[in-house]
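Asker: After the structure tokens below, expect a handful of questions from me.
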Amino acid sequence: MKTYPFNALVSRMKYIRRWSLMHAARPETLSEHTAETAILAHTLCLIAREVTGTPVRPETVAVAALYHDAPEIMTGDMPTPVKYKNERLRSAYKALEEESARQMAHLLPPALRPEMTGYLTGRCLSEAEKRILKAADRLSALIKCTEEVQAGNREFASALAQQKAAITAMHCPEADYFLEHMLPCYAQNLDELTRAEGD
């Protein structure tokens with residue numbers, strides 16, 4: 001009987017630790033980051049569709065977000081300072097990610113490979129959708145850095161400043177909306193979060 005190990009391999013995202021070069025008050029796995037990025041991407045797409053008027057497909061972007069870092073199962077989580085050190089390293093890492101995505105797609109039944117390759121590589125997304133997924137990825141990192149700094153971990157202070165600057169530099173109106181109207185809530189406690197408030 002032929003078997004296909006794609007899903008079993010993807011489930012190993014829970015073993016990949018992010019922020020590997022930094023001390024974290026609470027370690028974060030690739031699975032956690034992926035789930036949060038998918039939720040953020042879906043929210044940003046709804047903002048795009050309903051607030052800024054950008055035509056996007058929230059469900060498609062959310063699914064692509066679930067797989068946006070899946071190639072790291074093969075490569076590991078490359079620390080950002082290393083990944084973006086220079087153009088040669090960045091290009092080499094991009095090529096490695098592409099090859100990893102291709103190899104992962106071949107762990108599926110042939111009929112499923114074309115569609116899944118689109119999700120693994122992001123090729124199924126429009127440019128506007130790619131921008132929103134990148135913003136969601138950055139927001140997930142920003143939220144993690146904020147939580148670490150709020151927990152008293154100064155190790156993440158520089159990363160927090162870098163993430164804020166990177167998101168601002170994107171000039172993404174959906175991310176700007178999130179920063180203004182939603183991000184402040186991450187500093188609230190459970191009672192504050194669940195207190196009903198009128199529109």
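The values are calculated or read from the model by the stated rules, or taken from the named source; none is laboratory data. It should be emphasised that the depicted structure is a prediction, and the values quoted were computed from it without experimental measurement. So basically every Cβ, Gly included, is an ideal-geometry build from the backbone, and we count neighbours across all protein chains shown. Just the protein is used for accessible areas: all its heavy atoms, side chains included, with ligands, DNA and RNA removed. Shrake-Rupley method; radii C 1.70, N 1.55, O 1.52, S 1.80 Å.
Asker: For the chain, compute Rg over Rh where Rg is the Cα radius of gyration and Rh is the Kirkwood radius from the inverse mean 1/r over Cα pairs.
Answerer: 0.98
Asker: Here is a further query. Mind giving me the nanometre distance, one decimal, between the label points for Ala157 and Glu98, set 7 Å out from Cα along Cα→Cβ?
Answerer: 4.1
Asker: Kindly express, to the nearest 10 degrees and within the range 0 to 90, the angle between helix 87-105's C-alpha long axis and the longest C-alpha principal axis of the chain.
Answerer: Here the helix axis deviates by roughly 60 degrees.
Asker: While we're on this one: Keeping all protein chains in position, work out how much accessible area Val63 exposes to a 1.4 Å probe, and write it in Å² to the nearest 10.
Answerer: For Val63, the solvent-accessible surface is approximately 50 Å².
Asker: Just flag the chymotrypsin sites (Phe, Trp or Tyr not before Pro) in the range 1-80 sitting in loop per DSSP whose Cβ has no more than 12 other Cβ atoms within 10 Å.
Answerer: When the chymotrypsin sites (Phe, Trp or Tyr not before Pro) of the range 1-80 are filtered for loop state and at most 12 Cβ neighbours within 10 Å, nothing remains.
Asker: Going Cα to Cα from Lys14, which aspartates and glutamates come in below 18 Å? Please leave out same-chain ones fewer than 8 positions away.
Answerer: Straight-line reach from Lys14, under 18 Å: Glu28, Glu32, Glu36, Asp69, Glu72, Asp77, Asp137.
Asker: How much solvent-accessible surface does His42 expose, in Å² to the nearest 10, with a 1.4 Å probe and all protein chains in place?
Answerer: Number for this one is 60 Å².
Asker: Taking the chain as the reference, fit the longest principal axis to its C-alpha atoms, fit the long axis of helix 157-170 to the helix C-alpha atoms, and give the angle between the two in degrees, 0 to 90, nearest 10.
Answerer: With rounding to tens, the tilt is 80 degrees.
Asker: How high is the relative contact order of the range 46-199, given as a whole-number percent (alpha carbon pairs under 8 Å, six or more residues apart)?
Answerer: 22 percent.
Asker: Return one whole number: the accessible area per residue of the chain in Å², for a 1.4 Å probe.
Answerer: For the chain, the per-residue accessible area is 57 Å².
Asker: With runs of 4+ DSSP H residues as the only contributors, calculate the mean residue ellipticity of the chain at 222 nm using -39,500 (n - 2.57) per run, divided by the residue total and rounded to the nearest 500.
Answerer: That calculation yields -18500 deg cm²/dmol at 222 nm.
Asker: Give me the percent of accessible area attributable to carbon and sulfur for the range 91-165, probe 1.4 angstrom.
Answerer: Ligands and nucleic acids excluded, carbon and sulfur reach 56 percent.
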